[in-house]
Amino acid sequence: MQEKKETETQEIELIKYNKKTWSKSAVLGFFIGLAVIVPGISGSTIAIIFKLYDQFLYAVGNLFRQFKRCFVFLLPIVIGMVLGVLLGFIAVEQLLALLPFAVIGLFSGLMSGAFPAVKDELKGAKMSFDRIALLIVGVCIPIAIGGFSIGMGAGNTSDNVFTSVEWWQILLCIPVGYVVGVTQIVPGLSASALLLAIGWFASLVDSVSLTFWQQNPMIFAVYAALAFGFLLGLFTFSKLLTYIFGKARHTAYSMIVGLSLGSIIAMFFNPDVFAVYTSWAANGINVPDLVVGIVLFAAGAVGSYLLVRYQRKKDAEAAEKEEKTKLAEGQQAEGTEKNL
């Protein structure tokens, strides 16, 4: 059974939308868009919970080969992504400034409660040495990114690095955008954590204003280069992951489970939250922020875990229904043979 699953065909059936499934895809897109802004949150993890991850990868990787079919599937996701990015810029950054620990507590709680859904992908898999090693590496990567970000002091400078845009910065935006695109399809990796690590996060967020655009029109070349690299990373890497899952699904998911677990830890180990710890050490603990953060962590964990349980129940009902259908068809075929 396991070997059959790991060598399954790479052709994936995309769901046909109704109001409920269309809304589900839009919510998925919203979280993917939010993931670009909020350190630590992973839209791909949400895709796994919603059982849309494989379909999302397939649709992105085959958009040009099967344009109409994949475009229809991706449309609500793209709409949700735009809304997620806008809300992230408008609301989440303001909340991070007011109650940073509380916001991080909420999102880390959401990811903690959702983790069992990611782990479910390894159910029944034999954990060999290679898979255990990949899982450990996966845990370490997000933590290492957070540690590197703190060590470099990224995001703490008051000067916007795009005030004077050089040609080499525009070229550099292409590979940076590529890696950011990869973070959107690999669970556990955070686009904002990467941008924090290289010192671009605060500068990009601050650049989104009419005043900055008027004074620094070359910023649009930066946006264009980042967008080009982002789309390139999204299309090429999603195709690669679809191929890898078709060949060695459980092995690939061993690392993804590690990345998801590591990202939960990294939520409390990145420059944003480290600045909170530093402030608490100097001025005393902000008790309301701490208490609200703990409460929101618990609420987020419970809420997302209930969503996981609901999805498990729906999957079990669907599997039971399919099994009964197959049994009825088998009995009907057996009865036909006896009559003959």
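Just so it is clear, none of the values below were taken in a lab; they were calculated from the coordinates. As the structure is a computational prediction, the values presented were derived from the model and not from experiment. Please note: Cβ atoms are built from the backbone with ideal geometry, for glycine as well, and neighbour counts cover all protein chains shown.
General remarks:
- If the chain linking Ala319 and Ser279 were pulled fully straight, counting 0.36 nm for each residue of separation and taking away their Cα-Cα distance, it would gain 9.2 nm.
- Fluctuation leader among Glu13, Glu317, Glu121 - the chain, Gaussian network, Cα springs under 10 angstrom: Glu317
- Across the chain, the relative contact order, built from alpha-carbon pairs under 8 Å that are at least six residues apart, equals 30 percent.
- Estimated dipole of the chain in Debye, rounded to 20 [Cβ of Lys and Arg +1, of Asp and Glu -1, Cα centre]: 880 debye
- Over 19 Å between alpha carbons, listed pairs Lys239/Lys313; Lys19/Lys326; Lys20/Lys51: Lys239/Lys313; Lys19/Lys326
- Screening the chain for DSSP H helices whose Cα atoms reach 30 Å or more along their own axis and whose mean Kyte hydropathy is at least 0.5 gives 129-152, 219-266.
- Dividing the helix sum by the residues of the chain, where each DSSP H run of 4 or more adds -39500 (n - 2.57), gives a mean residue ellipticity at 222 nm of -26000 deg cm²/dmol.
- Listed values (i) 32, 57, 10, 0; (ii) 28, 56, 14, 2, 0; (iii) 28, 52, 14, 5, 2, 0, entry calculated as P(r) over Cα pairs in 20 Å bins from 0, in percent: (ii)
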